[in-house]
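Structure record follows, encoded as structure tokens.
All of the numbers you see were taken from the coordinates with simple rules; none came from a lab. The structure displayed is predicted, hence computed values, not measured ones. Cβ placement follows ideal geometry from the backbone for every residue including glycine, while neighbour counts extend to all protein chains displayed.
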Ligand SMILES: C[S@@+](CC[C@H](N)C(=O)[O-])C[C@H]1O[C@@H](n2cnc3c(N)ncnc32)[C@H](O)[C@@H]1O
């Protein structure tokens, strides 16, 4: 595929691999979506998502994904947010800050390895009282039952999967944690964008099929109690309707 950005004629020309061309108004929704995908791919190659922090801790996410998950958390008001994949702890601190602001909720973070300096920074953080850290593989049956054992049966639960992003691991996580997700809430298989990054620098060929997007699709094919849904935007005075995201095909809502 080739894209020609013509700022003089104010148009975007897309050529497919067979050489067929499609012409868009440069200031149209379609052009915005096509260019945004290239922006995401370029940003990935330059580690754009590795440049943000939340209240002092690195958060490895695109800002739009952080904003969108905030919209969902404020709407759902979960009692418990479970996240697999802690890394530096920025996403846990972000969820904890929302819990504190809402006066509701707590956060459980699971990681196969919580490096000592990260653990210390998270434990020393002013929001640590909202957070429980669990060290171990997110699909280890002992870890799964430890996490589930800490959640009451009437609690409203949101689950975010951001650990090992292979299809097999994410599918195992979806199966392991789907039963704690409350009706109306979501289990989120993040980083499905890997399917669109297999041919960029820092990407990998296998990502075209080995990715969270495929895991979510396979999970959905066997379940009638979950639907794929980009969460509705709380506010929208534009004609746009698609997230610019690392999480395409990620949001599975429990019916
Ligand atoms: C992308 S990072 C998490 C980023 C974090 N959620 C954030 O937003 O800043 C992925 C993390 O998953 C962890 N991880 C990898 N395999 C895992 C597994 N089997 N179980 C739990 N965590 C795992 C890694 O140690 C790493 O810290």
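Peptides 30-37, 146-153 ranked from most to least packed by the mean count of surrounding Cβ atoms within 10 Å: 30-37, 146-153. Peptides 156-162, 107-113, 45-51, 69-75 ordered by packing proxy, namely the average of other Cβ atoms within 10 Å per residue, highest first: 156-162, 107-113, 69-75, 45-51.
P(r) tail for the range 56-139: Cα pairs beyond 15 Å make up 54% of the total. Look at the Cα gyration tensor of the range 2-119: its axes a ≥ b ≥ c give a/c of at least 1.5 with a/b over b/c, and that counts as prolate. Spin-label model, residue 50 to residue 6: label points 7 Å out along the Cα-to-beta-carbon direction sit 3.9 nm apart. Placing a pseudo-label 7 Å from each Cα along the Cα-to-Cβ vector at residue 28 and residue 100 gives an inter-label distance of 4.7 nm.
In the chain, the longest principal axis of the Cα atoms and the axis of helix 90-102 are about 70 degrees apart.
Once the Cα atoms are used to define both axes, helix 212-221 deviates from the longest principal axis of the chain by about 80 degrees. Within the listed set 96, 216, 172, the Gaussian network model of the chain (springs between alpha-carbon atoms below 10 Å) gives the highest mean-square fluctuation for 172. Quick one: work out Rg over Rh on the C-alpha atoms of the chain, Rh as Kirkwood radius. With Rh from the inverse mean 1/r over Cα pairs, Rg/Rh is 0.99. For the range 150-255, rounded, prolate or oblate, judged on the Cα gyration tensor with a ≥ b ≥ c (square roots of eigenvalues), a/c < 1.5 rounded, else prolate if a/b > b/c? Taking the square roots of the gyration eigenvalues as a ≥ b ≥ c, the range 150-255 is oblate.
For the range 41-180, what does the alpha-carbon gyration tensor say about shape, rounded, prolate or oblate, given a ≥ b ≥ c as the root eigenvalues, a/c under 1.5 as rounded, and a/b over b/c as prolate? Rounded shape, in that the Cα axes give a/c under 1.5.
Taking the number of Cβ atoms within 10 Å of each Cβ as an exposure proxy, the fewest-first ranking of 68, 11, 202 is 202, 11, 68.
Taking the DSSP bridge list for the chain and keeping only pairs wholly inside it, about 50 percent are antiparallel.
Of all DSSP bridge pairs formed entirely within the range 1-125, close to 70 percent run antiparallel.
Under a Gaussian network description of the chain, with springs only between Cα atoms under 10 Å, the residue in 174, 42, 197 that fluctuates furthest is 42.
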